[in-house]
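Input: a single structure, listed below in structure tokens.
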Amino acid sequence: MESNFRRNLIVSSAVSVFILIVSSTASFLSINGLLESNALVNHTQKIIYNLNNSQRIVVDAQAGVRGFLVTGDNAFLDRYLQSSAELEKVVIELEELTSDNNKQQIHIRAIKTQHKKFYVYLKEKVYLKRQGLAVGSADLNQGKEMMDALRLLYAKMETEELNMLQTRTEKARDYGIYSSILILFAALIAIVLSLLFFIRILNDFKNRSQLTTLLEESEQETARRITMVSVAAEKFRRGFREYRSFVKPDERVAARKLQ
């Protein structure tokens, strides 16, 4: 009985600890997956932000040069002159953010090449204007084509990032669902096993109590019988003493001889 009671306690505790470890591990992995997914979302947002910022810088530079071509006012060139260094910083950050993605690195190299071509184009148009030469519609169309090519490269990079984000998010979501199911299943098993072992331990305790009661009753019965025997023995001794007190000495001697 003692071994069964102890075994039930040990098994129930071990199973509870095991289920707790499984649930905790699943919870940890699920939370870690969510944190990783959140980090990837932030990473993608940074890349998209820098892509949009890069595009904005190029558009501002183009708008400044166009303003100069139309008015001849050098004030319009301020933004163009400042944009080159700013654009370089943004591109460097994009390279760092996508350093683990070879496909995006290829796109960035293509964008850098297109940036150089576009700035050479802008520089030529500024030079033509300062020389007093006219800039025709063909030149402007050339700039538009370059900007369209840049926008296409930006769109490719952004689409690539969004596709990767969607894939990672779906994996994280599926993992979260599986982890939630595992946690719920483990919790259900824990409840069922806890009830099962609780009933078994309760039955063992009940049996132990019944056995203890039986032992106590047996001890009481034994003590009662011992008391009865003691009382009977005491009565016998008293009767024997009374008998001896009434028998004469000669009769006792004769009784001994007869024996």
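Under a model in which nothing but the beta-carbon of Lys, Arg (+1) and Asp, Glu (-1) is charged, the chain shows a dipole of about 1660 debye around its Cα centre. Within straight cross-link reach of Lys144, meaning Cα distance under 19 Å, which lysines are found once same-chain residues fewer than 8 apart are removed? Here the lysines satisfying the reach criterion relative to Lys144 are Lys112, Lys116, Lys117, Lys123, Lys125, Lys129, Lys156. The residues packed around Gly67, meaning those with a beta-carbon under 14 Å from its beta-carbon, carry a net charge of +1 if Lys and Arg are +1 and Asp and Glu are -1. If the segment from Lys144 to Ala39 were pulled out straight at 0.36 nm per residue, it would be longer than the present Cα-Cα gap by 34.1 nm. Residues of region 208-224 with amide nitrogen under 16 Å from the 7 Å Cα-to-Cβ point of Ala232? Hits in region 208-224 for Ala232 at 16 Å: 221-224. Against the longest principal axis of the chain, how steep is helix 137-246, in degrees 0 to 90 to the nearest 10, with axes from Cα atoms? The answer is roughly 10 degrees. Label sites at Arg7 and Asp174, each approximated as a point 7 angstrom past Cα along Cα to Cβ, lie 4.4 nm apart. Build a GNM of the chain with springs between Cα atoms under 10 Å: which of Ala134, Ala187, Ala39 gets the top mean-square fluctuation? The residue with the greatest mean-square fluctuation here is Ala134.
Dipole magnitude for region 93-246: about 400 debye, using +1 per Lys or Arg Cβ and -1 per Asp or Glu Cβ, origin at the Cα centre. For the chain, the residue among Gln210, Phe197, Val229 whose Cα projects farthest onto the positive side of the dipole built from Cβ charges is Val229. Seen from Val90, the other residues with C-beta closer than 14 Å to its C-beta sum to a net charge of -2, counting Lys and Arg as +1 and Asp and Glu as -1.
The spacing between region 53-93 and region 190-214, judged by their C-alpha centroids, is 82 Å.
Note on region 2-201: percent of Cα-Cα distances in each 5 Å bin, starting at 0 and stopping at the bin with the largest distance, equals 1, 7, 12, 12, 10, 8, 7, 6, 6, 5, 5, 4, 4, 3, 3, 2, 2, 1, 1, 1, 0, 0. Projecting the Cα positions of Val15, Phe118, Tyr175 onto the charge dipole of the chain (unit charges on Cβ atoms of Lys, Arg, Asp and Glu, taken about the Cα centre) puts Val15 furthest along the positive direction.
The label-point distance for Val192 and Gln220, in a model that sets each label 7 Å from Cα toward Cβ, rounds to 4.4 nm.
Bear in mind these aren't lab numbers, they're just calculated from the coordinates by the rules spelled out. Here the structure is a predicted model, which is why all the values come from computation and not from measurement. We place every Cβ from the backbone using ideal geometry, glycine too, and count neighbours over all the protein chains shown.
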